[in-house]
Each structure stands twice: as structure tokens, then as C-alpha cells.
């Protein structure tokens with residue numbers, strides 16, 4: 001539905017994005033992930049038609065953004081990073097105005113505004129001045145204005161930024177709901193958000209795509225060694241160490257925690273076939289009782305840190 | 001153009017919900033009231049003296065000419081102080097608060113945005129000016145004969161002068177996100193333009209005639225006498241268009257490739 005082709009963006013002499021290409025399919029929820037200053041907002045602004053890229057093209061259903069900007073903009077709903085709306089307007093008044101600017105025919109405006117207010121849960125505050133709204137409600141009104149006119153694509157820049165935990169959960173649920181029927185692009189630096197909401201993730205760092213795929217893909221691709229947690233009871237620590245080290249693939253064994261009679265070890269080994277049965281057998285043979293055995297999967301957070309940090313070290317060299 | 005119309009409505013509404021708008025209106029009404037009163041009193045004094053002894057050329061002074069002509073001329077000077085307050089918010093405030101980002105992503109062309117902004121400033125100027133026309137009724141009450149040429153010419157001149165100042169103000173408002181800087185730049189430029197007539201006196205004649213032609217008040221002065229010169233009208237129209245397109249360029253500059 002959206003295709004980004006070799007997009008670069010310069011701010012004066014500073015290059016903010018380097019040769020970015022990706023596609024977003026209809027109905028997909030794409031997460032743009034990256035540390036602050038990675039180029040997320042720049043990418044988002046290009047996607048919303050705020051400004052064009054320095055090089056490259058963005059297409060919506062095959063139509064070049066730069067050719068008919070106004071028509072394309074009417075198909076995109078945008079929630080900026082810092083939601084700022086006209087403070088001296090009432091919520092309903094403001095949304096009706098947005099409907100007018102978005103060229104909704106006069107007859108449909110009222111119905112559209114009411115529908116979006118209901119959808120985003122701002123009916124209760126519709127008569128209030130925008131300057132009197134809490135941050136959470138402001139975000140909801142921001143979402144409502146993005147939704148007016150039923151755009152095909154919804155672009156949200158850091159939608160949960162600056163909200164309290166309860167509001168974050170509420171907004172996230174709302175986003176999940178919205179993502180069910182719409183193409184949604186979401187930028188964030190908060191990791192759980194991505195794994196919870198997005199079907200596909202694109203990790204940006206210093207203006208480049210460093211990884212992309214489903215959260216599970218990223219997980220698999222990055223795991224260059226297996227990590228297995230083993231919790232045992234009884235026996236002597238030295239003998240366990242000995243028993244496991246005799247497996248050729250095992251690289252290291254690390255004691256992580258020990259309580260009265262149980263101890264937890266982290267076993268690192270080279271990738272390959274699943275060695276859990278082998279480990280279980282050896283543990284029992286060495287005279288321990290095996291309490292727990294599980295593969296430790298890298299969380300998105302680990303992947304993210306790993307990518308971003310490796311990038312930085314290579315850059316430093 | 002629907003976009004410009006929507007912007008106009010929004011700006012107009014928010015203008016009168018802000019203290020700046022109300023204070024500007026209030027200040028303008030008070031100042032214009034004082035001016036008018038002074039000229040009415042001045043005319044009274046003049047006619048008293050004329051009754052005692054006849055001046056030469058006293059017969060050329062008419063009521064409308066003396067009161068309304070001078071009044072409208074002075075309103076023009078008041079614009080120097082008024083316009084920076086009207087125009088400073090226009091684009092600067094939208095930039096500062098971040099709402100301009102929304103506008104840029106709504107289906108509006110840059111031309112529509114600038115046009116909407118400019119038209120809303122013009123509407124505010126009209127609205128400020130409208131009440132002062134009630135003074136015409138006062139003049140009419142004082143003496144039946146009103147010289148409509150002076151009033152029409154003066155009003156047209158005032159609106160043209162204001163419109164060209166607003167265009168300049170809009171331009172400075174597009175350059176910064178700080179209202180104070182926007183109004184400061186506007187005020188300084190307007191002052192320089194105002195003083196241009198005197199400043200060029202110190203220059204060699206080749207320069208003084210060329211630069212002197214840029215002084216807005218030199219073009220405004222004839223309007224309150226009831227003289228509408230096409231040169232003057234086109235001077236104002238040109239400066240409106242000039243600053244309008246400069247503003248448009250500034251707004252479009254985010255699209256520049258580098």
C-alpha cells in the first residue's frame with residue numbers, strides 16, 4: 001500500500017535518513033523503533049507529507065506523494081509527537097473544524113465527528129476547552145482528529161509519550177483496536193509497545209534501517225547462541241559443571257542464583273539442534289533433581305540494545 | 001479555497017478569544033476616539049477664530065476635510081503600532097505551539113494556508129476600522145453636508161495601507177516562532193518605512209526620488225484628501241503581493257530539497 005523507495009533526507013548538511021526502503025501492506029501494523037534521534041520523526045514526517053524526502057520516492061497505492069500532495073494527505077491521518085491543538089477551542093468545535101479542513105461534505109461532518117468522539121472516548125469532554133484537558137484526553141482528541149475523514153493510513157508518532165501508566169494502557173488498547181481495520185504506522189522508543197501492538201518492526205538507528213521483520217523474526221535472527229536456564233536441586237556444584245561441560249557445544253556455565261537447596265545456571269552454547277534432552281539427561285545422571293529447564297528468548301529490548309550498541313561500536317572503530 | 005475559508009474562520013474565532021485581540025480592539029477604539037475628539041475641538045477653535053478675524057483661505061477648509069481628513073490620516077499613523085499586534089500571532093504562534101505541523105499534514109496547499117492567514121488578518125483590520133465610521137454620523141450630525149469623497153478615499157487608503165502593513169507583518173510572523181520577535185521586526189520595519197521620507201532628504205537626489213517612492217505614507221497622504229491615484233493604489237497592491245509571496249516562499253521552504 002505504501003512503498004518507500006531509497007528515501008534520504010538532509011537537514012542542511014546533516015543527513016538524517018540514509019537510503020531507506022520498505023513497504024507497508026494494507027491492514028498492516030508497522031512499528032518504527034529506534035532511540036531518540038534515530039530519524040523516526042523525520043521518517044514519519046515524510047510519510048505524512050509534511051515535507052518531501054531529499055532523495056527517493058514515497059508512493060501510496062502507486063501514486064507518487066509529490067505529485068498530488070493534497071489528495072494524498074487526505075488519505076493519511078496523523079497524530080504528531082507533541083499533540084498541540086488550538087487551546088481556545090472546545091473539543092467538538094475543534095473536531096468539526098478539522099472535518100471542514102479535511103473537506104468532509106457538510107452533511108456528513110456532524111456524524112463523522114460524533115462517531116470519532118465515541119470511538120476515542122472523548123464524548124464526556126466534548127464541551128470542554130482543549131486547554132483544560134488532561135494529557136490523556138488530549139491524546140484521545142489528537143487520535144480523533146487523525147481519524148476524521150476515515151483515512152486509509154494512520155500514522156502515530158510516539159502515541160504514548162508522556163502519559164501515565166493507566167493512560168498508556170488505555171491508549172494502547174485504543175491503538176490495537178484501530179490497527180485491526182486500518183493500515184497503521186507507529187513510531188516509538190518504548191519496546192513493549194512494539195511487541196504488543198505491531199505485526200512488523202523496523203529498527204532505525206542513526207538514520208539507517210538496522211533490522212526489520214516480525215518481532216519473532218528478529219528474535220530468531222539475532223539469537224546467535226542458545227541460552228538455556230537450568231534450575232536444579234541437590235548435588236555438588238562442581239559435578240554439574242563437569243557433567244555439562246562435556247557436551248561439546250556448551251561454551252560457558254554461569255551460576256545465576258542459589259537458594260537453600262536449589263541453584264539456577266545459565267548455560268550458553270553454540271546454535272544448533274535442541275540440546276535440552278541431552279542436558280536433562282546429564283543433570284539427572286550427575287545426581288541432581290531437575291526442577292526447571294527453559295530456553296531463554298531474547299526480548300525485543302535485548303535485540304534493540306544489541307543492534308543499537310553493535311552499530312555504535314562498529315562506528316567507533 | 002475552502003481550506004482558506006476554514007482557516008479564516010478559525011483564526012477569527014481564536015483572535016477574539018485571546019486577550020491580545022480584545023486589547024487591540026479596545027486600544028484602537030480609545031486612540032481613534034481621542035484623535036476624533038481632538039480634531040472636533042480643533043475645528044471648533046478654528047471656526048471661533050475665523051469668526052473673530054478672517055484668515056486667508058479659511059473658506060477652503062471644510063468640516064469633513066478638516067475633521068475626517070486629518071482623522072483618517074492619523075489613523076494611518078496608528079497602524080504603525082497596531083499592525084504588529086495583529087500580525088505577530090498569525091504564523092509564529094502556530095509554529096511555536098506545533099499546530100502548524102497539523103496544518104501542513106491536512107489536505108491544504110501552502111497557498112491556501114497563507115491566503116487563509118492573510119485574509120483573517122484583513123478581516124480583523126476591517127472589523128477594527130468599521131466602528132470608526134460611526135464618526136461620520138457625528139460629522140453629519142454637526143453639519144448636514146458631508147464630503148463623501150474624503151471619507152471613501154480616506155477609508156480606501158486606510159485599508160490599503162493596513163493591508164500592505166499586514167502583508168509585511170505576516171511575512172515576519174512566518175520567519176520566527178516567537179511572537180515578540182515577529183512584532184519587533186514588523187514594528188521596526190514599519191518605523192523605518194515611515195521615516196524613509198525624511199531619511200531620503202539626506203541622500204543625493206538620484207537616490208532620494210527612487211527610495212522616496214517606497215515610503216508608504218507618501219502614497220497614503222492623498223487618499224484622505226479624496227484623491228485616489230492609480231499609482232498609489234498600485235504601490236499598495238504591489239507591496240501586498242510582494243510580501244504575500246515572500247511569506248509563501250518561507251512556508252514552502254520546508255519542501256526544498258537540501
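Couple of notes before you dig in:
- Each principal axis of the Cα cloud of chain A was taken in turn, and the coordinate range along them, longest first, works out to 80, 45, 31 Å.
- Shielding value for B:5-18 is 3, the average number of Cβ atoms from other chains within 10 Å of each residue's Cβ.
- Most fluctuating residue given options A:255, A:102, A:110, as computed from a GNM of chain A linking Cα atoms under 10 Å: A:255
- Note on residue A:233 and residue A:305: the model spin-label points, each 7 Å out from Cα along the C-beta direction, lie 3.2 nm apart.
- Helical mean residue ellipticity (222 nm; -39500 (n - 2.57) per DSSP H run of 4+; nearest 500) of chain B: -25000 deg cm²/dmol
- Computed E for residue A:115/residue A:214 - FRET, C-beta separation, R0 30 angstrom, nearest 0.05: 0.40
- Projected-area average for the stretch A:68-142 over all orientations - Cα convex hull basis, square nanometres: 5.1 nm²
- Residue-averaged beta-carbon neighbours from other chains (10 angstrom radius) around B:94-105: 6
- Over every Cα atom in the protein assembly as shown, the radius of gyration and the widest Cα-Cα span, Dmax, amount to 34.6, 133 Å.
- Average projection area in nm² (convex hull over Cα atoms of the stretch B:82-166, one quarter of hull surface): 6.8 nm²
- Mean per-residue shielding of peptide A:47-55 is 4, counting Cβ atoms of other chains within 10 Å of each Cβ.
- Counting DSSP beta bridges with both ends in chain A, the antiparallel % (nearest 5): 70 percent
- On Cα atoms only, tilt of A:165-181 relative to the major axis of chain A in degrees: 70 degrees
- Between the helical axis of B:148-175 and the longest alpha-carbon principal axis of chain B there is an angle of about 30 degrees.
- For the stretch B:62-91 and the stretch B:113-163, distance of Cα centres in Å: 9 Å
- Cα convex hull of the stretch B:2-252 - mean projected area over all directions, nm²: 15.6 nm²
- Among beta bridges from DSSP that stay inside the protein assembly as shown, the antiparallel ones total about 70%.
- Each distinct pair of alpha carbons in the stretch B:1-118 adds a 1/r term; the inverse of their mean, the Kirkwood radius, is 17.6 Å.
- Each of B:208, A:195, A:187 was scored by other Cβ atoms within 10 Å of its Cβ. Listed from fewest to most, they are B:208, A:195, A:187.
- Computed from Cα positions, the angle between helix A:276-285 and the longest principal axis of chain A comes to roughly 30 degrees.
- The distance linking the stretch A:17-90 with the stretch B:189-248 is 44 Å (Cα centroid to Cα centroid, whole angstrom).
- One equal scatterer on each Cα of the stretch B:123-258, no solvent, Debye formula: the resulting log10 I(q)/I(0) at q = 0.10, 0.11, 0.16 Å⁻¹ is -0.44, -0.52, -0.96.
We did not get these values from a lab; they are worked out from the coordinates using the rules stated. In this text, all values refer to a predicted model and were calculated from it rather than measured experimentally. Every residue, glycine as well, gets a Cβ built from its backbone with ideal geometry; the counts of neighbours run over all protein chains shown.
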